[in-house]
Ligand code: KG4
Ligand code: ZN
């Protein structure tokens, strides 16, 4: 096992939804990672129950911390900084992780770094390959569809976002209409690979000059098409094997996916032109697993002379490795948060309220006094 370099060992804590996860990053590399998923518990209720989620985080976080240190063969005093997802997410869940992180920061006299969970998703690819900046970040998940300009790990500027449905929601809705169980994006993707994009849907919300998205019109157009053309087809539900689906449905999935990929390409190309100094394209979120979308964005980045990074599937879902890594990157810039750092629930903007170590800012104040403000 790799030994930690104690001076830069960053602990990451993730409790924003239904995964309790902790990880250690040292020298920009993942040293150890533990995760307890609550998905089986919430599946009984058909969705995440916030009150249960926070109780489960509270139940597991202490023992996961012990397990992580044992796996990495380090002791608490080796930890140089603690990073935590501070939002967006479920407030009660986030508070468990943030309170644990603040207690460690105070008890061990180490800096606390609040991490924007969405930024951490986009930065995660850096654990697997080198990233050059400025980069464009495309976050496509069940809850978000955002484009960012990323000038450095600490400098994100939102360029565009969805005005209605997140892209993952659109995939799940179409899958649901076709008899696939939730979340159905992966099955729509598999079906699309077997079909031809023979049905033409207009690219939604591209006749403008902005970088925002709107997928609700496309979702309705596809739903109407399904009702008119697919309702008489014989399909065994729930769909588990897409090879058994009629050709018309495979073609519809291919057409929908193609329309989405082209729409993303139009907006990303616009972003490349607008920003004109982009060196990299970062793709993240559950929908980034989509084969057609990955292929289209890869080609677009190459056309623009930019590199591309998409985290491997294990790093795409919620995990603390990305939080520890984002925290480690922010610590390279000397950034930290005071102990009164706020926790930010979904729907509220996350403030850019880092403070900087005196050695980086030229301030003469001691590290201990920074931490206690
Ligand atoms: O980021 P994520 O894992 O979690 C949340 O946003 O909560 O994203 C989940 C979303 C779901 O809507 C799921 O259907 C979609 O990602 N998804 C896909 C694929 N794999 C997962 N959508 C399209 N193609 C895929 N291969
Ligand atoms: Zn997430």
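Some observations on this one:
- Beta-bridge orientation, the chain: approximately 60 percent antiparallel, per DSSP, counting only bridges with both partners inside.
- Alpha carbon convex hull of region 130-310, volume per residue in cubic angstrom: 107 Å³
- Rh (Kirkwood; distinct C-alpha pairs) - the chain, Å: 21.7 Å
- The C-alpha atoms of the chain define a longest principal axis, and helix 320-332 lies at about 50 degrees to it.
- Between region 218-239 and region 324-339, the Cα center-to-center distance that results, in Å: 48 Å
- The DSSP beta bridges internal to region 7-114 are antiparallel in roughly 65% of cases.
- Between 0 and 90 degrees, the angle of helix 50-72 with respect to the longest Cα principal axis of the chain falls at about 60 degrees.
- Nearest-ten-degree value, helix 291-303 long axis tilted from longest Cα axis of the chain: 70 degrees
- For region 130-310, the share of DSSP beta bridges that are antiparallel, to the nearest 5, is 55%.
- Computed packing ranks the peptides 79-91, 154-166, 133-145 as 79-91, 133-145, 154-166, most packed first, by mean other Cβ atoms within 10 Å.
- Sites residue 349 and residue 39, calculated FRET efficiency, Cβ-Cβ separation with R0 25 Å, nearest 0.05: 0.30
- Modelled FRET efficiency - R0 35 Å, residue 356 with residue 163, Cβ distances, 0.05 increments: 0.50
- Here, region 1-131 yields an orientationally averaged convex hull projection of 8.0 nm² when only Cα atoms define the hull.
Here, each number is a calculation from the coordinates, and none is a lab measurement. Predicted model only: the values in this text are computed from it and were never measured. Heads up, the Cβs are rebuilt from the backbone with ideal geometry, glycines too, and the neighbour counts pull from every protein chain shown.
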